[in-house]
């Protein structure tokens, strides 16, 4: 593989990592907000003991669960991309050392 191809791939992976990290920061904020909402809904459900309050609690819990899965997916994607980035950096390092790609 040519050095320029690896370099281009490395730049693309870096951009993707940056985008995923931005998305992860947003997901962190949303997850925190939803967790607070879920706690409020749990308290309301306990205090009011109505079917409507219990339904609201379940809906918010489902939203938290969904956002948590999304959050974990983003973390896994970032990890995979960082591993790919390391592989590409290793190729560039070997090429610079004169071993070729």
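Which of (1) in contact with a helix residue (DSSP H, G or I) (Cβ under 7 Å, 6 or more places away or on another chain); (2) at pLDDT below 95; (3) within 19 Å of residue 82 (Cα to Cα) does residue 5 not meet, given it meets every other one? (1) is the only condition that residue 5 fails.
Working carefully through the options 72, 63, 85, find the one that is farther than 30 Å from residue 35 by Cα, in a helix (DSSP H, G or I) and modelled with pLDDT of 95 or more.
Working: 72 fails: farther than 30 Å from residue 35 by Cα; 63 fails: farther than 30 Å from residue 35 by Cα.
None of the others qualify; the one that does is 85.
Here are 41, 53, 95: which of them is within 19 Å of residue 4 (Cα to Cα), in contact with a helix residue (DSSP H, G or I) (Cβ under 8 Å, 6 or more places away or on another chain) and buried (at least 16 other Cβ atoms within 10 Å of the Cβ)?
Details: 41 fails: within 19 Å of residue 4 (Cα to Cα); 53 fails: within 19 Å of residue 4 (Cα to Cα).
That would be 95, the only listed residue that is within 19 Å of residue 4 (Cα to Cα), in contact with a helix residue (DSSP H, G or I) (Cβ under 8 Å, 6 or more places away or on another chain) and buried (at least 16 other Cβ atoms within 10 Å of the Cβ).
The values are calculated or read from the model by the stated rules, or taken from the named source; none is laboratory data. Just so we're clear, the structure is a prediction, and the values are computed from it rather than from any experiment. For neighbour counting, all protein chains shown are included, and Cβ atoms are generated from backbone atoms with ideal geometry for every residue, glycine included.
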